[in-house]
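Remarks on the structure that follows.
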Amino acid sequence: MFADGETEVTLGSSDEVDPGELPAFDATLETPNRAVVIWTVEGETVFSAKVPNVETRVRIWVNHSTEPDRIIFGLG
């Protein structure tokens, strides 16, 4: 929640950002535009990354299951 303060968001290659824990999310997403974009609920882009394929494995790690303040997105 906004009232709880800022959230730290990291986006990178899975082998670079993997914290060594099981991810909360691990799936292959269709990326026909060869890009992954992370945005807020207000539609503001937080991060974007070009990806080489039309399908991309995405893993997400969080430090709390319902109200995380640290979220890591790993691509590939």
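Numbers at a glance
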read-out: Length released on extending from residue 64 to residue 34, taking residue separation times 0.36 nm less the Cα-Cα span; value: 7.8 nm
read-out: Trypsin sites (Lys or Arg not before Pro) restricted to the stretch 17-76 and DSSP loop, no more than 16 other C-beta within 10 Å; value: 34
read-out: Label point distance in nm, residue 26-residue 46, each placed 7 Å from Cα along Cα→Cβ; value: 2.2
read-out: ³J(HN,Hα), Karplus 6.51/-1.76/1.60, whole Hz, each residue of the stretch 7-17, x for Gly, Pro; value: 10, 7, 10, 10, 10, x, 5, 3, 5, 8, 10
read-out: Helical contribution to [θ] at 222 nm, DSSP H n ≥ 4, -39,500 (n - 2.57), averaged over the chain, rounded to 500; value: -500 deg cm²/dmol
read-out: Dipole moment magnitude, nearest 20 debye, the chain about Cα centre, only Lys, Arg, Asp, Glu C-beta charged; value: 360
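We did not get these values from a lab; they are worked out from the coordinates using the rules stated. Given the structure is predicted, the values throughout are model-derived calculations rather than measurements. All Cβ positions, glycine included, derive from the backbone under ideal geometry; neighbour counts span all protein chains shown.
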